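First the structure, in the form of structure tokens, and then the observations on it.
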Amino acid sequence: MKENSIVADQFENAQQQSEAAHLGMWTFIATEILFFGGLFLAYIVYRHFYFTEFVAASKHTEVLFGTINSIILLTSSLTMALAVHAAKENYRLQISRWLALTIFLGLAFLAVKGLEYHDDIENKLVPGAHFDPSLPAQSQIFFWLYWTMTGLHAIHVTVGLGVLSTMLLLARKEKFSANYNTPLTLAGLYWHFVDIVWLFLFALLYVISRHK
Amino acid sequence: MSEENKNYLSTGDTVKSWLLTTDHKRIGILFLFSILLFFTIAAVAAALMRIELLTPQGDLVHADTYNKLFTIHGVLMVWFFLIPSIPSVLGNFVIPLMIGARDMAFPKLNLLSWYLFIIGGFFAFHAIILGGVDTGWTFYTPYSSAYSNSHVVEMALGIFIAGFGSILTGLNFIVTIQTMRAPGLTWFRLPLFIWSLFATSVILVLATPVLAITLALMSVERIWGIGIFNPKLGGDPVLFQHLFWFYSHPAVYIMILPGMGVVSEVITCFARKKIFGYYFVAFSSVAIAVVGFLVWGHHMFVSSQSIYAGMAFSILSFLVAIPSAIKVFNWTMTLYRGSISFEAPMIYVLSFIALFVIGGLTGLMLATLPVDVHVHGTYFVVAHFHYIMVGGMVTAFMGGLHYWWPKISGRMYPEKLGQLAAIIMFVGFNLTFFPQYILGYLGMPRRVHEYAPEFQIYNVLSTAGASILGVGYLLPLIYLLWSIFYGKRATANPWNATGLEWQTSSPPPKNNFHETPVVTEEPYNYPPLNEIGEITLASNEHK
């Protein structure tokens, strides 16, 4: 199995290498949480400042698209976990299958998001001169946050798709096995993180004030 | 030269072997030369400002140009010199050596950090050439996002990219220190430099992303023409300040903690003593990093923040002084009855302690609400943070650079010149910045190119000091370069210091150690001194 568990020069053994990689990914996720944190803070502050405007605005987000996308992403997390599980159980063929399905679901998420953005533009929900005049002025802050938060999240999904495609290529070359699956596991961690961020966005932008 | 005797410098001298290197030692040197370039540009901007301030009238530059000068100076010094100075140069070089590892945990990521730094630097430099930025290094909204007619977005992009470079550096340090220590090297056998860099890395990883998102939001607002920090729409400019200082105050500790680490290394070596209160010094670094995240509001005492928030931030700011003072007391106790010698690194470290005490105590004055209302936005603040950033960090950087220079270059620097430069820097620094305390207390505002005539005498003193300081910086630049070619060859351990980095040859081989070291004792285990504080004969012999 030596070719499958290559230990880089600087490490003593595979275990040390794997520990380092895991800690690195968790540290990176901590960074990412703080990166999104600035936006969440802004959301909390302005929701507090302009509560009624936020309630009025949030009724205009497309909850159907949001719900479909939540289901898609949650399912993709499941298929991702199954890909990692397949690697750990040495079912090599299944790794590629589950990965391909995860990538497909990621693309579907972006497609639905694109349709939703299209509708949002038609419904004049872009802050600025052409903003829907029937909504209070400060709702623009809500939609400014909506666009930047979901936009930043979509960038993360896109990066994640790039990572997963690389993993798919490696899986096709049979690089992963029960002995060596660190890159796949860590790509999975990242994908779950992106998924969790979406759940918070879904709650804050689509659901929270809908029935007020 | 046989393969066995090759060191990291002689394993290849092509440009490619440097630009594609993954050796932490070479990356440290890449950082050294790049930050020196930015330091020089920023220092020229400072020199121009000091010349302008020789006279009360604005006779050298326009107000607009002056704004751009202090922005260039601030942005480049903070993000392109101070933040990477000790971590990316000295930290990169010595962390794996100190913990007995062959390299960082992620060597390629390490190189990527340098490239991100260079790309970010390119954008910053480009923004300057296009005509500069006039917002100050703080980019306060809505001026930066709506009104400033300068290249704000490009400069912010430069900082954003370089910021990800420092996040990756911090990540690499955390993982390396956590997972790559040599057998037997437990946490409490680690040199204190490692503790301080670990604390620094935690700040780098947790604070820098907040700066990144803040600058991104500011830039989107500027490009989109509408945003959340502009009061026109009901946005809150103070929110920008909260987010900015949530990064930028901890960033101050990014700029001082590594310096404190250098002090602990050097002071034990040149006092020939174990550090006094290892645990206290180690945990005070962690305490500074943690409490440092809770004090950002002291930058906003007069920015419409509530008075109760102001009081809380004031108290928390006082709290940070405790771990800082613990360090100073412990260093002083380490000196007590030590066998002290005054090589250049030691002179730098002693001036660090003196200047840090002055800078720190005036920091307490600024953390006091009523005093801050009086001196807010004056030269008092400028003097305070230069005592910490320049008197503290730059001095420590010079100290560390001299201390590890034999290891880095394999050559000794000329000792007498080194001592002379350290003293010139100390004198020049105090003459430059002490008058600024007086200026600020008397009410001279910062960031102005014209001022009332009664302030002139202090400004002339300050400019005179800056010229001396300039000589102090130029000297090491010349003799360190000279020593690379003509300096005396350094032995593996010229200072007779403890620490793993001194057990391998100078300069070290590419993989640092010929065999992985095993650690069996605590750090700074210098041979005991006799009753009158002299080194016992046995240890004198191998000196």
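The values are calculated or read from the model by the stated rules, or taken from the named source; none is laboratory data. The model shown is predicted, which means the values in this text are computed figures rather than measured ones. Here the Cβ positions follow ideal geometry from the backbone for every residue, glycine too, while neighbour counts run over all protein chains shown. Quick note on the areas: whole protein, heavy atoms, side chains included, nothing else; ligands and nucleic acids left out. Shrake-Rupley method; radii C 1.70, N 1.55, O 1.52, S 1.80 Å.
Of note:
- Along each principal axis, Cα extent of segment B:130-230, largest first, Å: 58, 26, 16
- Sorted into 10 angstrom bins from 0, the C-alpha pair distances of segment A:11-207 split as 9, 32, 30, 17, 10, 3, 0 percent.
- Semi-axes of the equivalent ellipsoid for segment B:3-57, Cα gyration tensor, largest first, Å: 41, 9, 8
- Computed magnitude of the charge dipole of segment A:11-207 (debye, nearest 20; Cβ of K, R +1, Cβ of D, E -1): 440
- Amide H contacts of B:Arg411 (H built 1.01 Å from N, under 5 Å, at least 5 apart or other chain): B:Ala490
- Segment B:351-413, Cα convex hull volume normalised per residue, Å³: 74
- Rg/Rh (Cα only; Kirkwood hydrodynamic radius) as it applies to the protein assembly as shown: 0.99
- Modelled spin labels at B:Tyr441 and B:Tyr336, positioned 7 Å past Cα toward Cβ, are 3.0 nm from each other.
- Taking one quarter of the surface of the convex hull spanned by the alpha-carbon atoms of segment A:1-63 gives a direction-averaged projected area of 7.8 nm².
- Computed from backbone phi with θ = phi - 60° and the Karplus coefficients 6.51, -1.76 and 1.60, the 3J(HN,Hα) list for segment B:394-401 is 5, 4, 5, 4, 5, x, x, 4 Hz; x is used for glycine and proline.
- For segment A:11-207, the fraction of 1.4 Å probe accessible surface lying on carbon and sulfur atoms is 69 percent.
- Rolling a 1.4 Å probe across the protein heavy atoms gives chain A an accessible surface of 46 Å² per residue.
- Under 5 Å from the amide H of B:Val61 lies no amide H of any residue 5 or more positions distant or on a separate chain, with H modelled from the backbone and absent for Pro and chain starts.
- All distinct Cα pairs of segment B:406-523 go into the 1/r average, and the inverse of that average, the Kirkwood radius, is 17.8 Å.
- Mean Cα-pair separation over length for chain B, i.e. relative contact order, pairs under 8 Å, 6 or more apart, %: 18
- Those residues of segment B:186-235 for which accessible area with every protein chain present is at least 30 Å² below the isolated value (1.4 Å probe): B:Val205, B:Leu206, B:Pro209, B:Ile213, B:Leu217, B:Trp224, B:Ile226, B:Ile228, B:Leu233, B:Gly234
- Solvent-accessible surface of chain B, averaged per residue with a 1.4 angstrom probe and all protein chains in place: 38 square angstrom.
- Accessible area buried between chains B and A, both sides summed, probe 1.4 Å, in Å² to nearest 100: 3000
- Selected from A:Asn181, A:Asn123, A:Asn13 as most flexible by GNM, with chain A as the system and alpha-carbon contacts under 10 Å: A:Asn13
- When its C-alpha radius of gyration is set against 2.2 N^0.38 Å (N residues), chain B gives a value of 0.96.
- Each 10 Å bin from zero up to the one holding the largest Cα-Cα distance in segment A:48-165 carries the following percent of pairs: 13, 36, 25, 16, 8, 2.
- Rg over Rh [alpha-carbon atoms, Kirkwood Rh] for segment B:469-522: 1.13
- Surface share of carbon and sulfur [accessible, 1.4 angstrom probe, percent] for segment B:21-541: 71
- Separation of the alpha carbons by more than 29 angstrom is noted, of A:Lys173/B:Lys25; B:Lys108/B:Lys407; A:Lys173/B:Lys16; A:Lys175/B:Lys407, for A:Lys173/B:Lys25; A:Lys173/B:Lys16; A:Lys175/B:Lys407.
- Computed P(r) (all Cα pairs; segment A:169-212; 5 Å bins; percent): 5, 18, 16, 13, 11, 9, 8, 8, 5, 4, 1
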